[in-house]
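Here's the structure, in C-alpha cells; my notes come after.
The values are calculated or read from the model by the stated rules, or taken from the named source; none is laboratory data. All figures in this text were calculated on a predicted structure; none of them were measured in a lab. As a convention, Cβ positions derive from the backbone with ideal geometry for all residues, glycine included, and neighbour counts pool all protein chains shown.
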Amino acid sequence: MSNTTAPNTKEKKRSGIWSELLIPALAVLSGLILGAIVILVSGENPLVAYGALFEGSFGNPLDLVEGLQVYFATGETKELLRAIYPFTESLVTATPYLFAGLSVALGFRCGLFNIGAEGQFFIGALCSAFVGYSIKGLPMIVHLPLAILAGALGGAVWGMIPGYLKARFGAHEVVNTIMMNWIAFRLSDWLLNGPMKSSGFRPVTPNVMETAELPRFFPDPLRFNLGFFLALLAAYLLYWFLFKTTLGFEVRSVGANPDAAKYAGMNIVRNFVLVMFLAGGLAGLAGTAQVLGVDHWVGQGFSAGYGFDAIALALLGKSHPFGVVLSALLFGFLRSGATDMQSMARIPIDIISIIQGMVIVFIAAPDIIRWLYRIREVKKEEAVLTRGWGS
Amino acid sequence: MTNSNTDIRSSAEKRSRVSFGIALVVAGLAIYLLFGTSTQPGAMTTFGLNLLGSQAAVVPDLVVPALPAIYLLAAISVFTGAYQLARGIRSTGWLVGILTFTFVTAFLMWGAQDKSFNLTGMLQSSLVRATPIALAALCGVISERTAVINIGIEGIMLMSAQAAVVAATVTGNLYVGLIAAILLGGWVAAFHAFLVIRFKVDQTVSSVAINIFGTGATSFISSRFMQAAGDKLNNSGTFPIIAIPGLSKIPVLGPVLFENNLIVYLTILLVVVMHILLYYTPWGLRTRAVGEHPKAADTLGVNVYLTRYVNVILGGMIAGIGGAYFTIGSVGRFDEIMTAGKGFIGLAAMIFGNWNPIGAYTSSLIFGFADSLQVKLQILRVPIPSEFLLMAPYILTMIILTGVVGRAIPPAADGQPYEK
C-alpha cells in the first residue's frame, strides 16, 4: 500500500513546496512593485534606484570579473575583495535577522507571538558584551563560547519571563513582551550611562576583548564572520528540534491546538516556558552575533527595528526554519543594498520598511494575492498565530 | 458546582486581600527604612503651588517638616495594611490609591528635602503627558470592546502626527491639521478593519504591519521631503493655551485643569462622552455585546461586521487626535519616531484600566505622572536612576496582567474573527 502511493505523495509534496513558495514570492514581488510606485511618486527613477539596490547588495558583476582577472594575473587580492565586499556585507546584515527570525518563528510554531525579540536581542547583546570586555586573559577557545553563552542565556531569561507569566497566570505574551522590550530599553539606558559605560563621553560599552570576537574570514574592511554559519547551524538545529524530536512534536501540537494537546497529556505550561526560553535565546544570539562579529561594542538604539523585522520575516518564511533562512537572506540583501541606494539614488533607506509592511499584509492576507494574480485557492488549514489577550 | 465556585472565588479574594495587606505593610516599612532613616531631622520640604505665568491666584508655598511627615505616611501605610489583613477593605481602588499616595509622597518629601519642588507644575505636566497615552488607550478601548485588537496605534499616531503638521503648515490653519490627522487615522484603521474583518487576517499581525509601514512611511517622507523643505512643510505652531474664565483663577486646580490646549480638553471630553455612550446608550450595549458574544448579538439582529467597522474606524480617529497632539498639540514640528512608544503604553493603560474609558484615563494619568516625576527627579538630582522610575509603568502592567492584584478581564471574544 505504502509502496504504490509513494511516488504519488512525493510528487504531491513537490508541487506543494512550489505552491508554498508561490505566495511569498508574489508577495515580495508585489511589495517591490508598490515600492517602485512610491519611488516614482517621490520623483526618482525606480529602475535607477533598484539598480543601485542590486549593486549595493550583490556587488557589480563587472568589478568581480575584473577582480578575478587581476587575481589570476598577479595574485593581488585587493580588487577581488573590493568586488565581493557588498555581497559579504549583505550576509553580515542577514545574520542577526536569521537568528531573530528563527526566534519569532519558533514562537509561532507553539502559538506564541514573540514581539519581544527586540528586547531579548538588546539584553543578549549587553550580556555578551559584558562577558566580552570584562573578563581578561582567557584563551579564545574558552572566552568566545563563554561570551556567546552569556548572550544566549541573557536573551533566554528575558524571553522566559513572559513565557512563565503566560503559562502560570495566563497573562498575554504580546503585551508582556512589549513591556519587556521597554524595560530592556530603559535598563540599557541606565547601564550604558552608568555601570557599563566606557571611559569616553558617548554612552557605549568598552570594546570586547579580541579573544571574544567572532573570527573574520577576510582582512578589513570585510566584516564577514563566523556568526553567519552559526546562524545557519541554528536554523538546521531548530528544524531538527521541531520536526525530528518528540519535544518538537509537542511544541507544534500545542501550537496547533492547545486543548487537544492538553487532552493528549502534554504539559502546556512546560512547553510555553521552554519555547519562550529557546526563542529568547535565539534572539539573544542575534544580538550576540552583532556585537561579537560586527560592532564589538553596544550603544543606545543598538537593536533598532530588529524585533519587528523578525516578525515580518518569520511570517514570510511561514515559520519554517528553512523559509526563515531564505527570507532573512532576502531582508539582509534588501537592507544592505538600501544603504547604497540611499547614497546613490537619494532614496531614503526607510523605503525598505514600507516594502516590508506591504509584504506582511500580503503574506497575512493571501486572499489579496490570490485575487491580484488570479490563483485558485488551495484548501488548507492556516496556522493559528495568536488568540486574543485572554488565555 | 456553585459551592466549589464560591470556594475558588473566596480563596482568590483571600489571596488578593492578604497580598494587598502585606504589600501595604511592606511599603510602610520601606518608607521608614528607605526615606525615614536618611532624612535630616530638621529638614523642610517646600512644595511650590504657583505656576509661573498662570492666571491663578497666588497662594503661599506649602512648607512641610520632612521627617515627621515621612513617619506619618509610613504609619498610615502600615496601619492600613494591618487593617486590611485583619478586616479587609473591599475597594481595590482605595488600596492602590493609598499605597501609591503614601509611597510617592514620602519619596518626594525625602527627595526634595531642603529644596523646593513645584507640585503644581508637576501635576500640570502629568496631565499633559497623559494626553497622548489616554487617546491611544481610548482607541484601544473602543475597538477592543468590539473584539478587534489594534496594536497598530503607534503607527497610526505617527502617521497622523506627520499629516497634522504638514496640513497645518501648508494651510496655515491648525484645525485643518487636526482634521487631516483624524481623517488619516480613520483611514488607516479602516484598512486594519478591512483586513481583519473581510480577509480575517490575524489582528496582531495586521497591526504589526501597520506599525512597520507607519514607521517606514513617515521616516521616508520626513527624510525625502520634509528635511529639504524645512519650515515650509514642518513648522505649524501649536494650539494656544485656553484659560477657562473664572475656573482658571482657582489656585493649584486652575493651572492644572483649566489652562490647557484644545487637545487636552478634547481628551477629557472624549472620556466622558465615551463612558456615557458605552454604558448608557443602545450603541454602547450593541458594542459590548459584539465584543462579548458576537453570535448572540448577531442572533438578536445586531450587525456584527458593521459595528466592528464603525468602532475600529472611530478608534483610529481618536488615535489620529493623539497623533496630532505630538506635533500641533505640543512642539509644532515632526521628528522621526517621535511617538516613542506612547501607543504601546496606551495599550498598557487600556489593560490597566480594565477596558473602560474612565479606567483607561486614570491609568494614563498614572503613567503621565511617572513620566513627569522622572523629569523632575533629574532636576532634583535624587540618587536614584530615573530610568528605573520609567520602568515602573511597564512592570506595573505586567503585575496587573498576572491577576494577583485585581484581575484585568478583556472582552470575551477579543481577538477572534467572527464568521456567520
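Do the conditions hold for A:S391, that is, is it at pLDDT 85 or above, in a loop (DSSP other than H, G, I, E, B), of a type outside the set (K, R) and under 29 Å from B:L401 (Cα atoms)?
Details: at pLDDT 85 or above: no; in a loop (DSSP other than H, G, I, E, B): yes; of a type outside the set (K, R): yes; under 29 Å from B:L401 (Cα atoms): yes.
Taking the combined requirement at face value, the residue does not satisfy it.
If I go through the range A:329-350 residue by residue, how many of them are outside any helix (DSSP H, G or I) and either surrounded by 20 or more Cβ atoms within 10 Å (Cβ to Cβ) or under 13 Å from the mean Cα position of the chain (by Cα) (or both)? I'd like the intermediate steps shown before the answer.
In the first step, residues of the range A:329-350 are kept if they are outside any helix (DSSP H, G or I); the result is A:346-350.
Next cut, either surrounded by 20 or more Cβ atoms within 10 Å (Cβ to Cβ) or under 13 Å from the mean Cα position of the chain (by Cα) (or both) only: A:347-348, A:350.
So the answer is 3.
Here are the criteria: (1) at the interface with chain A (Cβ under 9 Å from one of its Cβ atoms); (2) more than 19 Å from the chain's Cα centre (by Cα); (3) closer than 30 Å to B:L233 by Cβ. Tell me which single one B:T402 does not satisfy.
Unmet for B:T402, out of (1) at the interface with chain A (Cβ under 9 Å from one of its Cβ atoms); (2) more than 19 Å from the chain's Cα centre (by Cα); (3) closer than 30 Å to B:L233 by Cβ: (3).
Take residues that are more than 10 Å from every other protein chain (Cβ to nearest Cβ) and in contact (Cβ under 8 Å) with a residue 40 or more places away in the chain and tell me which of the helices (runs of 4 or more DSSP H) falling wholly in the range B:149-228 contain 1 or more. Give the steps one after another, and end with the answer.
On the way: elements: B:153-171, B:174-193, B:203-221.
Fully inside the range B:149-228 and qualifying: B:153-171, B:174-193.
Only one of A:A167, A:A152, A:A156 is more than 19 Å from A:Y306 (Cα to Cα) and out of contact with any Cys (no Cβ under 8 Å at 6 or more places or on another chain). Can you tell me which? So that I can check it myself, show each step before the final result.
On the way: A:A152 fails: more than 19 Å from A:Y306 (Cα to Cα); A:A156 fails: more than 19 Å from A:Y306 (Cα to Cα).
Of A:A167, A:A152, A:A156, the one residue that is more than 19 Å from A:Y306 (Cα to Cα) and out of contact with any Cys (no Cβ under 8 Å at 6 or more places or on another chain) is A:A167.
How many residues, within the range B:333-360, are in contact with a helix residue (DSSP H, G or I) (Cβ under 7 Å, 6 or more places away or on another chain), more than 23 Å from B:I212 (Cβ to Cβ) and not in a helix (DSSP H, G or I)?
Summing the residues that are in contact with a helix residue (DSSP H, G or I) (Cβ under 7 Å, 6 or more places away or on another chain), more than 23 Å from B:I212 (Cβ to Cβ) and not in a helix (DSSP H, G or I) in the range B:333-360 gives 4.
On the basis of being crowded, with 19+ Cβ neighbours inside 10 Å, out of contact with any strand residue (DSSP E or B) (no Cβ under 6 Å at 6 or more places or on another chain), part of a helix (DSSP H, G or I) and away from every other protein chain (no Cβ under 12 Å), does B:I379 make the cut? If you could, list the steps in order and put the result at the bottom.
Numbers: crowded, with 19+ Cβ neighbours inside 10 Å: no; out of contact with any strand residue (DSSP E or B) (no Cβ under 6 Å at 6 or more places or on another chain): yes; part of a helix (DSSP H, G or I): yes; away from every other protein chain (no Cβ under 12 Å): yes.
The answer is no for B:I379.
Just to be sure, is A:D295 surrounded by fewer than 20 Cβ atoms within 10 Å (Cβ to Cβ) and not aromatic (F, W, Y)? Reasoning before the result, please.
Working: surrounded by fewer than 20 Cβ atoms within 10 Å (Cβ to Cβ): yes; not aromatic (F, W, Y): yes.
For A:D295, the condition - surrounded by fewer than 20 Cβ atoms within 10 Å (Cβ to Cβ) and not aromatic (F, W, Y) - is met.
Restricting the search to the range A:171-191, which residues are over 14 Å from B:A392 (Cα atoms), hydrophobic (A, V, I, L, M, F, W, C) and more than 7 Å from chain B (Cβ to nearest Cβ)?
Answer for the range A:171-191, where residues must be over 14 Å from B:A392 (Cα atoms), hydrophobic (A, V, I, L, M, F, W, C) and more than 7 Å from chain B (Cβ to nearest Cβ): just A:L191.
Taking the range A:294-316, which residues are touching a Leu at 6+ places or on another chain (Cβ under 9 Å) and part of a helix (DSSP H, G or I)?
The initial filter retains those residues of the range A:294-316 that are touching a Leu at 6+ places or on another chain (Cβ under 9 Å), namely A:294, A:298-300, A:302, A:310, A:313-316.
Answer for the range A:294-316, where residues must be touching a Leu at 6+ places or on another chain (Cβ under 9 Å) and part of a helix (DSSP H, G or I): A:V294, A:A310, A:L313, A:A314, A:L315, A:L316.
Report yes if A:S319 is modelled with pLDDT of 85 or more, part of a loop (DSSP other than H, G, I, E, B) and crowded, with 19+ Cβ neighbours inside 10 Å, otherwise no. Let's see the steps before the verdict.
Working: modelled with pLDDT of 85 or more: yes; part of a loop (DSSP other than H, G, I, E, B): yes; crowded, with 19+ Cβ neighbours inside 10 Å: yes.
Spelling it out, A:S319 is indeed modelled with pLDDT of 85 or more, part of a loop (DSSP other than H, G, I, E, B) and crowded, with 19+ Cβ neighbours inside 10 Å.
Test B:G301 against the criterion of being assigned to a helix (DSSP H, G or I) and farther than 19 Å from B:G415 by Cβ, and give yes or no.
Values: assigned to a helix (DSSP H, G or I): no; farther than 19 Å from B:G415 by Cβ: yes.
No.
So that you can scan it fast, the table gives a plain yes or no per residue for (1) in contact with a strand residue (DSSP E or B) (Cβ under 9 Å, 6 or more places away or on another chain); (2) farther than 25 Å from B:A348 by Cα; (3) crowded, with 24+ Cβ neighbours inside 10 Å; (4) in the same structural domain as B:L365 (by TED's automatic domain parsing):
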position	(1), (2), (3), (4)
B:A136	no, no, yes, yes
B:V141	no, no, yes, yes
B:N150	no, no, yes, yes
B:M157	no, no, yes, yes
B:S160	no, no, yes, yes
B:A168	no, yes, yes, yes
B:Y175	no, yes, no, yes
B:I182	no, no, no, yes
B:F191	no, no, no, yes
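To keep it simple, each residue is scored yes or no on (1) buried (at least 19 other Cβ atoms within 10 Å of the Cβ); (2) at pLDDT below 80; (3) hydroxyl-bearing (S, T, Y).
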| position | (1), (2), (3) |
| --- | --- |
| B:A12 | no, yes, no |
| B:S16 | no, yes, yes |
| B:I22 | no, no, no |
| B:V26 | no, no, no |
| B:Y32 | no, no, yes |
| B:A56 | yes, yes, no |
| B:V59 | no, yes, no |
| B:F79 | no, no, no |
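Among the residues of the range B:347-355, are any of a type in the set (A, V, I, L, M), in contact (Cβ under 8 Å) with a residue 40 or more places away in the chain and more than 13 Å from every other protein chain (Cβ to nearest Cβ)? Spell out the reasoning first.
First, the residues of the range B:347-355 that are of a type in the set (A, V, I, L, M): B:347-351.
Filter again for in contact (Cβ under 8 Å) with a residue 40 or more places away in the chain, leaving B:347-351.
With the extra rule that they be more than 13 Å from every other protein chain (Cβ to nearest Cβ), the set shrinks to none.
No: zero hits.
For residues that are in contact (Cβ under 8 Å) with a residue 12 or more places away in the chain and not in a helix (DSSP H, G or I), scanning just the range A:12-44, find the one that is farthest from the other protein chains (Cβ to nearest Cβ). Spell out how you get there, then give the answer.
Pass one, the range A:12-44, residues in contact (Cβ under 8 Å) with a residue 12 or more places away in the chain: A:19-20, A:22-24, A:26-28, A:30-32, A:34-36, A:38-39, A:42, A:44.
Right, trim to not in a helix (DSSP H, G or I) and you get A:42, A:44.
On the way: A:S42: 5, A:E44: 9 Å.
My answer is A:E44.
Of the numbered conditions (1) under 27 Å from B:H275 (Cα atoms); (2) assigned to a helix (DSSP H, G or I); (3) within 11 Å of chain A (Cβ to nearest Cβ), B:L389 satisfies every one except a single condition; which is it?
The one condition B:L389 does not meet is (1).
Working only within the range B:232-252, note down all residues that are of a type in the set (A, V, I, L, M) and in contact (Cβ under 8 Å) with a residue 60 or more places away in the chain.
Step one: of the range B:232-252, the residues of a type in the set (A, V, I, L, M) are B:233, B:241-244, B:247, B:250, B:252.
Scanning the range B:232-252 gives B:L233, B:A243, B:I250, B:V252.
Considering every residue within the range B:33-41, establish whether at least one is under 23 Å from B:S125 (Cα atoms) and either in a helix (DSSP H, G or I) or out of contact with any Gly (no Cβ under 8 Å at 6 or more places or on another chain) (or both).
Checked the range B:33-41: no residue is under 23 Å from B:S125 (Cα atoms) and either in a helix (DSSP H, G or I) or out of contact with any Gly (no Cβ under 8 Å at 6 or more places or on another chain) (or both).
Go through A:I135, A:I115 for me and flag whichever is buried (at least 24 other Cβ atoms within 10 Å of the Cβ) and modelled with pLDDT under 90. Even if it seems obvious, please write down each step before you answer.
Values: A:I135 fails: buried (at least 24 other Cβ atoms within 10 Å of the Cβ).
Of A:I135, A:I115, the one residue that is buried (at least 24 other Cβ atoms within 10 Å of the Cβ) and modelled with pLDDT under 90 is A:I115.
Could you list, in sequence order, the residues of the range A:138-152 that are of a type in the set (A, V, I, L, M, F, W, C) and surrounded by fewer than 22 Cβ atoms within 10 Å (Cβ to Cβ)?
Result: A:L138, A:M140, A:I141, A:V142, A:L146, A:L149.
Is there a residue being more than 26 Å from A:G154 (Cα to Cα), away from chain B (no Cβ under 14 Å) and either under 20 Å from the mean Cα position of the chain (by Cα) or at pLDDT below 85 (or both) anywhere in the range A:361-369? Can you show your working first?
Applying the first criterion (more than 26 Å from A:G154 (Cα to Cα)) to the range A:361-369 yields A:361-369.
After this cut, where a residue has to be away from chain B (no Cβ under 14 Å) as well, the list is none.
Checked against the condition, which is being more than 26 Å from A:G154 (Cα to Cα), away from chain B (no Cβ under 14 Å) and either under 20 Å from the mean Cα position of the chain (by Cα) or at pLDDT below 85 (or both), the range A:361-369 yields no hits at all.
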